[in-house]
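Colleague: I have a structure here, written as structure tokens, and I will follow up with some questions on it.
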Amino acid sequence: MEKIRLGMVGGGKDAFIGGVHRIAARIDGQFDLVAGALSSTPERSLESGQAMGLAADRCYGSYEEMAEVESGRPDGVRAVSIVTPNHMHAGPAMAFLRRGIHVICDKPLTATLAQAEELSKAIADAKALFILTHNYTGYPMIRQARAMIAAGDLGDLRVVQVEYPQDWLTEAAEQSGDNKQAEWRTDPERSGAGGSIGDIGSHAHNLACFVTGQKVQSLAADLQTFVPGRRVDDNAHFLLRFDGGARGMLWCSQVAPGNENALRLRVYGEKGGLEWAQEDPNYLWFTPFGEPKRLLTRGGSGAGAAANAVTRTPGGHPEGYLEGFANIYAGAATAIRAAEAGETPDLSLLPGVDAGLDGMRFIAAAIRSSQDDAAWVTL
């Protein structure tokens with residue numbers, strides 16, 4: 001089976017997320033990176049591309065040039081990964097979609113809701129697929145939790161609690177002059193108006209919706225900016241109302257000392273509850289009401305078909321962040337092959353434009369609510 005020729009926009013030298021996407025694309029041997037517009041200048045793009053083993057004539061100075069040239073080559077890219085800061089998602093995505101090239105884009109969908117809606121129209125008109133890499137949806141025990149809830153193991157859902165605290169922005173790292181990640185993620189011109197809510201709150205929101213099968217209908221949000229001089233929020237608390245009747249709470253913070261990437265999810269229904277923690281991702285706690293807690297393990301006897309389908313190694317051998325991304329890429333490869341064969345691809349487990357729009361509406365609603373003293377806002 002021929003590998004899918006992959007291009008990349010962004011993700012050049014010293015770019016953290018670009019390296020993550022390249023590893024994920026390689027894990028299952030489904031993609032071959034052959035081209036890139038990897039940086040904001042032609043010189044840096046060429047330097048980064050050649051360091052990755054790309055041919056010099058396929059290291060492009062801009063995504064526009066890459067889209068035009070690659071779409072005309074008989075061996076041109078069939079898919080492209082977009083791993084730029086948020087404000088540079090929409091333009092490249094539309095340029096490649098218009099040329100029939102599939103797009104795999106890092107989250108969030110865009111920097112603003114207006115950009116997201118414009119991109120949504122382009123996706124609807126395109127003959128190519130658009131996939132958003134909310135990587136935590138690819139974790140095996142998250143797939144297990146989703147399947148259990150869909151099967152009714154928890155009964156009607158009542159309470160959803162999700163949190164994502166970090167501590168890396170406890171001080172003004174963006175003002176140090178040597179932290180590119182902090183600089184762009186706290187710059188509203190590049191990240192969008194949301195700080196912690198866009199960077200990690202969007203992950204927490206997406207995960208809660210993916211696992212429960214319910215969408216956030218309305219929210220009340222209290223956003224804070226604790227670090228002096230910072231232009232975006234660095235901490236937020238939410239109350240949530242879901243369209244299926246569940247009620248929830250969400251907390252995201254990048255100023256919580258002692259937390260690295262402590263994404264946690266708890267879901268409680270009339271018949272039982274589930275608990276999962278990203279930093280210990282191979283375990284899912286299931287408690288049927290009135291019975292002892294049960295520990296379900298990835299690759300273990302309690303894991304079901306949904307988890308086993310995205311499990312690579314025997315139980316006890318940790319799988320996590322990179323493999324979660326890889327599961328999104330593997331699903332994307334399957335969908336791309338189906339679409340190119342004239343079949344209808346199964347996108348049920350792949351985040352796409354709808355999940356992206358939901359995330360952008362979540363961010364916009366949070367800002368409106370907080371500006372109105374945490375008033376309830378409908379998405």
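The values are calculated or read from the model by the stated rules, or taken from the named source; none is laboratory data. Predicted model, so just to flag it, every value in this text is computed and none were measured. Note that we place each Cβ from the backbone using ideal geometry, even for glycine, and neighbour counts take in every protein chain shown. Accessible surface areas use protein heavy atoms only, side chains included; no ligands, DNA or RNA. Shrake-Rupley method; radii C 1.70, N 1.55, O 1.52, S 1.80 Å.
Colleague: So how exposed is residue 301, as accessible area in Å² (1.4 Å probe, rounded to 10)?
Modeller: In the full protein context, residue 301 sits at about 130 Å².
Colleague: Report, in degrees rounded to the nearest 10, the 0 to 90 angle that the Cα long axis of helix 321-340 makes with the longest principal axis of the chain.
Modeller: Around 60 degrees separate the two axes.
Colleague: Mean separation of Cα pairs under 8 Å and 6+ residues apart, divided by the residue count of the chain: what relative contact order is that in percent? Provide the component values of the computation, followed by the final result.
Modeller: Working: 848 pairs, mean separation 71.3, N = 379.
Computed over the chain, the figure is 19 percent.
Colleague: Between residue 47 and residue 190, what is the label-to-label distance in nm when each label sits 7 Å out along the Cα-to-Cβ direction?
Modeller: Spacing of the two 7 Å Cα→Cβ label points: 1.6 nm.
Colleague: What is the helix-to-structure angle for 63-72, meaning the angle in degrees between its Cα long axis and the longest Cα principal axis of the chain, kept from 0 to 90 and rounded to the nearest 10?
Modeller: Tilt relative to the chain: about 70 degrees.
Colleague: Another question, if that's okay. Per residue, how many Å² of accessible area does the chain show with a 1.4 Å probe? Present the calculation step by step, with values, prior to reporting the outcome.
Modeller: Values: 15960 Å² over 379 residues.
Counting only protein heavy atoms, the per-residue value for the chain is 42 Å².
Colleague: FRET efficiency for residue 260 and residue 354, Cβ-Cβ distance as r, R0 = 30 Å, nearest 0.05?
Modeller: Details: r = 30 Å, r/R0 = 1.01.
Step by step, r from the Cβ atoms, then E = 0.50.
Colleague: Just to be sure I understand: if I project the alpha-carbon convex hull of the stretch 1-93 onto a plane and average over all orientations, what area do I get in nm²?
Modeller: Values: hull surface 22.6 nm².
If I average the Cα hull's projected area over directions, I get 5.7 nm².
Colleague: Can you give the FRET efficiency for residue 343 and residue 373, using 1/(1 + (r/R0)^6), R0 = 45 Å, r = Cβ-Cβ distance, to the nearest 0.05? Don't skip to the end; give the middle numbers.
Modeller: On the way: r = 51 Å, r/R0 = 1.14.
Efficiency for this residue pair is about 0.30.
Colleague: Please give the Cα centre distance for the stretch 22-45 versus the stretch 61-121, rounded to the nearest Å.
Modeller: Between the Cα centre of the stretch 22-45 and that of the stretch 61-121, the gap is 14 Å.
Colleague: Over the chain, what number does the Rg to Rh ratio reach, with both radii from the alpha-carbon atoms and Rh per Kirkwood? If you can, show how the numbers build up before the last one.
Modeller: Details: Rg = 20.5 Å, Rh = 21.3 Å.
Ratio of gyration radius to Kirkwood radius: 0.96.
Colleague: What ranking, highest mean first, results for peptides 124-130, 287-293 when packing means the other Cβ atoms within 10 Å averaged over each residue?
Modeller: On the way: 124-130: 16.9, 287-293: 10.7.
Sorting 124-130, 287-293 by mean packing, highest first, produces 124-130, 287-293.
Colleague: While we're on this one: When you have a sec, figure out the Kirkwood radius of the stretch 137-247 from all distinct Cα pair distances and drop it here in Å to one decimal? All intermediate terms of the calculation are to be shown ahead of the outcome.
Modeller: Details: mean 1/r = 0.0641 Å⁻¹.
Kirkwood radius, the stretch 137-247: 15.6 Å.
Colleague: When the helix-only estimate is applied to the chain (DSSP H runs of n ≥ 4, each -39,500 (n - 2.57), divided by the residue count), what is the mean residue ellipticity at 222 nm, nearest 500 deg cm²/dmol?
Modeller: Details: 12 runs with 128 residues, N = 379.
So the helix-based figure for the chain works out to -10000 deg cm²/dmol.
Colleague: Over its Cα atoms, what ratio of radius of gyration to 2.2 N^0.38 Å does the stretch 253-364 give? It would help to have the intermediate numbers written out before the result.
Modeller: Numbers: Rg = 17.2 Å, N = 112, 2.2 N^0.38 = 13.2 Å.
Relative to the rule-of-thumb radius for its length, the stretch 253-364 sits at 1.30.
Colleague: How many nm separate the modelled label positions at residue 69 and residue 180, each set 7 Å beyond the Cα in the direction of the Cβ?
Modeller: Result for the modelled spin labels: 2.1 nm.
Colleague: Can you pull the one-decimal nm distance between simple spin-label points at residue 62 and residue 150, each 7 Å off the Cα toward Cβ?
Modeller: Reported label-point gap for residue 62 and residue 150 is 4.3 nm.
Colleague: For helix 202-212, what angle does its Cα long axis make with the longest principal axis of the chain, in degrees from 0 to 90 and rounded to 10?
Modeller: Approximately 60 degrees, to the nearest 10.
Colleague: Report the extension gain between residue 32 and residue 158 in nm, rounded to one decimal, defined as 0.36 nm multiplied by the number of residues separating them, less their alpha carbon distance. Could you put the intermediate results ahead of the total?
Modeller: Values: separation 126, 0.36 × 126 = 45.36 nm, distance 4.48 nm.
Fully extending the segment from residue 32 to residue 158 adds 40.9 nm.
Colleague: What Kirkwood radius, in Å to one decimal, follows from the Cα pairs of the stretch 215-279? Present the calculation step by step, with values, prior to reporting the outcome.
Modeller: On the way: mean 1/r = 0.0725 Å⁻¹.
So the Kirkwood estimate lands at 13.8 Å.
Colleague: Still on this structure: Provide the FRET efficiency to the nearest 0.05 for the residue 247-residue 55 pair, computing r from the beta carbons and using R0 = 41 Å. It would help to have the intermediate numbers written out before the result.
Modeller: Numbers: r = 55 Å, r/R0 = 1.34.
The value I calculate is 0.15.
Colleague: Restricting to the chain, what percent of DSSP beta bridges are antiparallel, rounded to 5?
Modeller: Details: 37 of 63 bridges.
Once the DSSP bridges in the chain are tallied, antiparallel ones form about 60 percent.
Colleague: Counting only protein heavy atoms and a 1.4 Å probe, tell me what percentage of the chain's accessible area is made up of carbon and sulfur. Write down the numbers at each step before the final one.
Modeller: Numbers: 7980 of 15960 Å².
Looking at the chain in its full context, I get 50 percent from C and S.
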